[in-house]
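Comments concern the structure below.
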Amino acid sequence: MVGSLTAALLCAAGLATPTAVATTRDTAAPAADTTAADTSAADTRTVAMPNSAVPSAKLPDGLALTPPMGFNNWNSTHCRAEFDEAMVKGIADIFVEKGLKDAGYQYVNLDDCWALPQRDANGKLVPDPVRFPDGIKAVADYVHSKGLKLGIYTSAGTKTCNSAGFPGALGHERSDAQQFADWGVDYLKYDNCNNQGVDARQRYIAMRDALKAASESTGRPIVYSICEWGENKPWEWAADVGHLWRTTGDISDNWGSMLSIMKRNLPLAKYAGPGHWNDPDMLEVGNGGMTDTEYRTHFSMWSIMAAPLLIGSDLRKASPETFEILGNREVIAVDQDPLGKQGEVVSSRGGRWVVAKEMKDGSRAVALFNETNSPQSVATTAKAVGLPGADAYTLRDLWQHKTYNTAGRIAATVPAHGTVLLRVSADGKWAHHPPATELGLKGGLFVEADKPAHVTSEVTNLGRTPARRVAVTLGTPSGWTVKATSPSTARSLRTGTSLATSWTVTAPTGTKPGSYDVRLKATYRSPQGVRAETVLPLTAQVVVAPPTGDSLLGDLPWLSATNGWGPVERNTSNGDRGLGDGRPITIGGKVYAKGLGVHAESTVEYYAGAACEKVTAQVGVDDETIAKGTVAFEIWADGKKAASTGVLTNAMPAQELSADVTGAQVVRLVVTDGGDGIDSDHGDWAEATLSC
């Protein structure tokens, strides 16, 4: 049943609720893939940092004083046969061999499917003898021998969430908790399926008390992870029930899912602290559904949100880049800071986010996050993130592992879907470091083969000290021609001054359309002669001029596409998570042969090349959502909103939407949620047409 369109649509429509039936984790995800905050890529507001008092209640056991770090198998294996004793032991070995244990990872956690479908004659849980021939205690002993801890999973219902229906703990809390403690379990993830409608607090408090009793009898404390997907707002009541609580539904290994979950978790900062953490679900880093840039954003944002860091990829198959991301100790230190603050949103405008986190040493961790599909300058100030007044500040780039000084402005041009993570302090040592610089490129780098493209780079000194002997270079693929048409060097740049350089870039005849790596670099010297550099990785898009006349967008190549659930579909509805599993586009009972099927939050970009005038479409919520779904449609032209609808529901017929896009290089089609989350938000761009 995993991946079944029917099951997914029933769940997305709210007809298969976790209180009534068992679900597979995969097909339950559309409903649980949760509510995005109302700060979308189109947002133009500044979000004030909340100052509400943090709830003081927490469990008095001294556990999870920093967010738990470890591993959980679910995201990489689900219930497949590869989840077994050998895998668990192998992960423990890798934690030690690759330095992850020394970096702070300690829990090796089993998810669903570790047990047999039936209890024994005494009502006890029975480990699957095929997966775990030596039993759970032997596995726990092995993990403990490595200086690590073992976690396990069950559900606060009659059965777990897997469709096979393994035994849940409802009505068996004392017995199961005692079994876990006797086996040597250190961590329990307690899910929410098949809960028979029993009040969530009642069910989760029952297991809390059972774990406490078991811990007292064995001397083994157990970290308690509440996994009811945020349905009952556990952040408001669970601080003295569990050590962490899920704030969202299950994450999926794609940009749209990660983004929507991040947006829902960010506003809950006041509820997190030592011993009680917001949990936006496990990490997908390394599972292959996102780029390394997006995975660095995932890891950066989970760290600045003080989220549990539970690796969800099979480390036996992980790439060096995955280990580099997961093992970055400077980023981990942000997550594990003992003050225990969750980062708070300082501003969010046009998909350019600034999130700041107070650290115990008085510094601030600052995430400059770019939600959009093109490079953006993201900026704030030392004052805005809460630092005291000073002549200058020390600024540490936690991914580049380089240190600079800044006069107070904190800024970077951030690649599409990227995050620059900084640690900024007023420590008096700023003069020992070279000045920070921001490097940017004005205008998108869209290149038609054998036709010069014109762009302008700009390097700006953000530091208190001057940047001397400045030189800028633009690196392109072999065979391309690049030429500076204005000065690319400067003797010195004072604080706040810039060097702008014009360039022509030409791809040779026959260059295939697609993305090509380009690197903009500025080198310079500090007043003490220390060499420094700023590097901005970019992407040049080799494009084909749009055809003249009217063209259906469902038939044209796009520059980029992101989607909140599954892929964007051509000429069908969004459907399930697989490519090509949509249905005929249908709005209000009317079927359309052509268009795009998407799921909020969604963005699809097309190259218009300043040669097009108009976009038109019939838009609405697809009928496959049955009775749910609220979305809003937007058309953007080169970063400016050209047209939009109000909130549309499943009950409405298609609405006509058109926009003047004259002169735009890029046209962007955006679907946002209706302000109530992305549950069932299947949107259709029916008969979407570009006129050129």
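The numbers here are math on the coordinates, done by the rules we state, and not lab data. Computed from a prediction, not measured in an experiment: that's the story for all the values here. Note: ideal-geometry Cβ built from the backbone for every residue, glycine included; neighbour counts use all protein chains shown.
By its C-alpha gyration tensor, with a ≥ b ≥ c as the square roots of the eigenvalues, how is region 313-374 shaped: rounded for a/c under 1.5, else prolate for a/b larger than b/c, else oblate? Oblate shape, in that a/c is at least 1.5 and b/c is the bigger or equal ratio. In terms of overall dimensions, the C-alpha atoms belonging to region 249-367 reach 38, 30, 23 Å along their principal axes, ordered largest to smallest.
Considering only alpha-carbon pairs that sit under 8 angstrom and 6 or more positions apart, the relative contact order computed for region 441-544 is 35 percent.
Annotation: peptides 223-234, 495-506, ranked by per-residue average of other Cβ atoms within 10 Å with the highest first, follow the order 223-234, 495-506.
When only Cα pairs below 8 angstrom with a gap of at least 6 residues are kept, the chain shows a relative contact order of 11 percent.
May I ask which of Lys233/Lys341; Lys383/Lys442; Lys360/Lys402; Lys317/Lys594; Lys146/Lys233 have a Cα-Cα span longer than 31 Å here? Cα-Cα > 31 Å for Lys317/Lys594; Lys146/Lys233; rest within.
Rounding to the nearest 10 and keeping the result within 0 to 90°, find how far the Cα-based axis of helix 135-145 lies from the longest principal axis of the chain. The helix 135-145 is inclined about 60 degrees to the chain. In region 312-381, what trypsin sites (Lys or Arg not before Pro) fall in a loop by DSSP, with at most 15 other Cβ atoms inside 10 Å? Answer in residue order: Lys360. Given the -39500 (n - 2.57) contribution per DSSP H run of 4+ residues, what per-residue ellipticity at 222 nm results for the chain, rounded to the nearest 500 deg cm²/dmol? Taking each H run of at least 4 residues, the total per residue is -5000 deg cm²/dmol. Peptides 602-612, 147-157, ordered by how many other C-beta atoms sit within 10 Å of their residues on average, highest first, read 147-157, 602-612.
Over all pairs of different C-alpha atoms, region 143-302 has a mean inverse distance whose reciprocal, the Kirkwood radius, equals 16.6 Å.
Once you reduce region 168-233 and region 338-359 to the center of their Cα atoms, the two points are 32 Å from each other.
In order along region 179-193, the phi-based Karplus estimate (6.51 cos²θ - 1.76 cosθ + 1.60, θ = phi - 60°) of 3J(HN,Hα) comes to 4, 4, 5, 5, 6, x, 6, 10, 7, 10, 9, 10, 7, 10, 7 Hz; Gly and Pro are listed as x.
Taking amide H positions as modeled 1.01 Å from N, with prolines and chain starts lacking one, the residues under 5 Å from Gly475 and 5 or more places away or on another chain are Arg519, Leu520, Lys521. Its residues counted as N, region 195-256 yields a C-alpha radius of gyration over 2.2 N^0.38 Å of 1.29. Placing unit charges on the Cβ atoms of the charged side chains and taking the dipole of the chain about its Cα centre, the candidate lying farthest along the positive direction among Asn574, Gly184, Thr504 is Thr504. In nanometres, what is the gap between the two model label sites at Arg316 and Gln202, each 7 Å from Cα along Cα-to-Cβ? In this crude spin-label approximation the distance works out to 4.3 nm.
Computed over region 441-544, the quotient of the alpha carbon radius of gyration and 2.2 N^0.38 Å is 1.17.
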